[in-house]
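Undergrad: Got a structure here, written out as structure tokens. Questions coming.
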Amino acid sequence: MTSFGPVNPEPNEPVFHAAFEPRVLANVLATGALGLWSGDASRFARESLPPPFYYTRSYYEIWLAALEKILAEKHLVSEDEIAASRPLHDLQDLPIKVFHGEKVAPALARGWPSDRPANNQPRFAVGHRVRIKNINPPTHTRLPRYTRGKTGIVEKIRGHFVFPDTNAHGAGEEPQWCYNVRFSARELWGEDADPKISVSIDAFEPYLEGA
Amino acid sequence: MTPLEVPDKLVFMHEDHAETVRDIAGEPRPHHAGHDHHHGSELSEVELRVRALETVLVQKGLVDPAALDAIVETYEVKVGPRNGAHVVAHAWSDPGFKARLLEDGAKAIRELGYGGRGGEHIAVVENTAGVHNLVVCTLCSCYPWPVLGLPPVWYKSAPYRSRAVIDPRGVLAEFGVELPEETEIRVWDSTSEMRYLVLPMRPAGTEGWSEERLASLVTRDSMIGTGLPLNPEKLQ
């Protein structure tokens, strides 16, 4: 699916459209800061919601549904507790380090960098032609479907980063080299495409093979 | 027989709408999210659910209410596109900073005191007479929070995410941006933790302007690539 219709930007759009939205944002960030699951896991929880829900609900409703899913999976909050609006089950013995109010400003200002030291060299160099592997995992990946099997040029070596494909599923950070790869529009969309357009992605080394 | 009703666009189920609290350049204003602007009716199901979830999380000691309030305040009031406008205006005024910005975006942005969550790794891409840059996250909504705040609904929605990579000229036309045919368009799909910020071209007729005045020309959309800076002649 390559086109979902007009963008229809809202002029002078407010940051939030409803009172619940900032609460969802805050609860997602605060529970994420517990360190019990990664941002990659949160992304997978959202993108794996049923399509009829994903395509018709607002952004923060998607965030809410995904958070509920994760909290249930981790046995932290269950559906019956949400329905009752109060705790019904004890928490297991987990290392809970609550994100305290006074920690928020410095933590948000520092962020959670995902670069990691490397003990190997990048396989590809700037200028290398690379082809995106045709892989279609049912699990999390940051390889966009429209680039599969396509050939591009490495324009930058971005660095060595936590690998989302494994990290999303608790299979370890397994950091990989990450490359900025540029494709011509014609390579992606065919000979009728505008020759003046290119698309670049940031691709992890496991997505690439030499071309 | 009644015809099938075929919607021609996806309609997102927004709940009761809050008042508009941003000016044309995207400057955030204090927004009283706690006050319900619904028109006298019961709270929506989603609102009730969020409150219930938060109650359980707080009572189980999983979240600190003070942290929730601090997070909301950060993104409603403290962090927004004014940060990015400052970065751009500084780059326009200081060639050394501009060079550092293009070399390592997050590091240079930190010189101005901005950084952190959602922007730990930033690449800045420069518009020139021959090249126009456009940023998207086709896979979700990755966006440089520390310099632009939270992304707008259109950026996170299926139409933009799907069309920016295949029909950037069509998308730009929807935003009222018409570029010459000879202009190269570079689309950047934010597929890793690297976030992107567009450095727009400095408008002509701004020689000698202070950084503060320059910053007032820099719109949020010009830093995503779906807009251009304001024309100095049109600014009051």
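Undergrad: Residue farthest toward the positive end of the dipole of chain A, with Cβ of Lys/Arg at +1 and Asp/Glu at -1: which of A:THR166, A:PRO52, A:VAL15?
TA: A:THR166
Undergrad: Now for a separate question. How well do other chains shield peptide A:70-78, expressed as the mean number of their Cβ atoms within 10 Å of each residue Cβ?
TA: Mean partner shielding for this stretch: 2.
Undergrad: Which order results if B:MET223, B:MET1, B:MET201 are arranged by neighbouring Cβ count within 10 Å, fewest first?
TA: B:MET1, B:MET201, B:MET223
Undergrad: Can you tell me the length gained on complete extension of the stretch B:MET1 to B:ARG110, counting 0.36 nm per residue apart and subtracting the Cα distance?
TA: Once the chain is fully extended between B:MET1 and B:ARG110, it gains 32.9 nm.
Undergrad: Label B:LEU235 and A:THR139 with points 7 Å out from Cα along Cα→Cβ: what is the distance between them in nm?
TA: Taking the simple label geometry, B:LEU235 and A:THR139 are separated by 5.1 nm.
Undergrad: Need one number: convex hull volume per residue for segment A:129-210, Cα atoms only, in Å³.
TA: Considering the Cα atoms of segment A:129-210, their hull volume per residue is 81 Å³.
Undergrad: How many angstrom lie between the Cα centre of segment B:113-190 and the Cα centre of segment A:12-42?
TA: That distance is 22 Å.
Undergrad: Please state the shape class of segment B:81-223: rounded when a/c is under 1.5, otherwise prolate if a/b exceeds b/c and oblate if not, all from the C-alpha gyration tensor.
TA: Taking the square roots of the gyration eigenvalues as a ≥ b ≥ c, segment B:81-223 is oblate.
Undergrad: So who's got an amide H within less than 5 Å of the one on B:VAL63, skipping anything under 5 residues away but keeping other chains? H placed 1.01 Å off N, in plane.
TA: B:VAL58
Undergrad: Which of rounded, prolate or oblate describes segment A:20-110 when judged by the alpha-carbon gyration tensor and an a/c cut-off of 1.5?
TA: Oblate.
Undergrad: Now a separate question. Run the helix sum for chain A: -39,500 (n - 2.57) per DSSP H stretch of 4+ residues, divided by residue count, reported at 222 nm to the nearest 500 deg cm²/dmol.
TA: Rounded to the nearest 500, the figure is -8500 deg cm²/dmol.
Undergrad: Okay, next question. Averaged over A:199-211, how many beta carbons belonging to a partner chain fall within 10 Å of each residue's beta carbon?
TA: 4
Undergrad: What pairs from A:LYS103/A:LYS133; A:LYS196/B:LYS98; A:LYS69/A:LYS156 go past 31 Å between their alpha carbons?
TA: Values: A:LYS103/A:LYS133 42 Å; A:LYS196/B:LYS98 26 Å; A:LYS69/A:LYS156 37 Å.
Among A:LYS103/A:LYS133; A:LYS196/B:LYS98; A:LYS69/A:LYS156, the Cα-Cα distance tops 31 Å for A:LYS103/A:LYS133; A:LYS69/A:LYS156.
Undergrad: Sticking with this one: For A:GLY101, what charge total do you get from the other residues with a beta carbon under 10 Å from its beta carbon, if Lys and Arg give +1 and Asp and Glu give -1?
TA: -2
Undergrad: Hey, another quick one. Order of B:202-211, A:73-82, A:21-30, B:88-97 by packing, highest average Cβ count within 10 Å first?
TA: The peptides rank, most packed first, as A:21-30, B:88-97, A:73-82, B:202-211.
Undergrad: Another one. Give the relative contact order (percent, whole number) for segment B:93-139; include only Cα pairs under 8 Å separated by 6+ residues.
TA: 30
Undergrad: Still on this structure: Specify whether the C-alpha gyration tensor of the protein assembly as shown places it in the rounded, prolate or oblate class, a ≥ b ≥ c being the square roots of the eigenvalues: rounded for a/c under 1.5, otherwise prolate if a/b is larger than b/c and oblate if not.
TA: It comes out rounded by the Cα gyration axes.
Undergrad: What does the average come to when, for each residue of peptide B:154-161, you count the partner chain Cβ atoms lying within 10 Å of its Cβ?
TA: 5
We did not get these values from a lab; they are worked out from the coordinates using the rules stated. All of these numbers come straight from a predicted model, not from anything done at the bench. Note: ideal-geometry Cβ built from the backbone for every residue, glycine included; neighbour counts use all protein chains shown.
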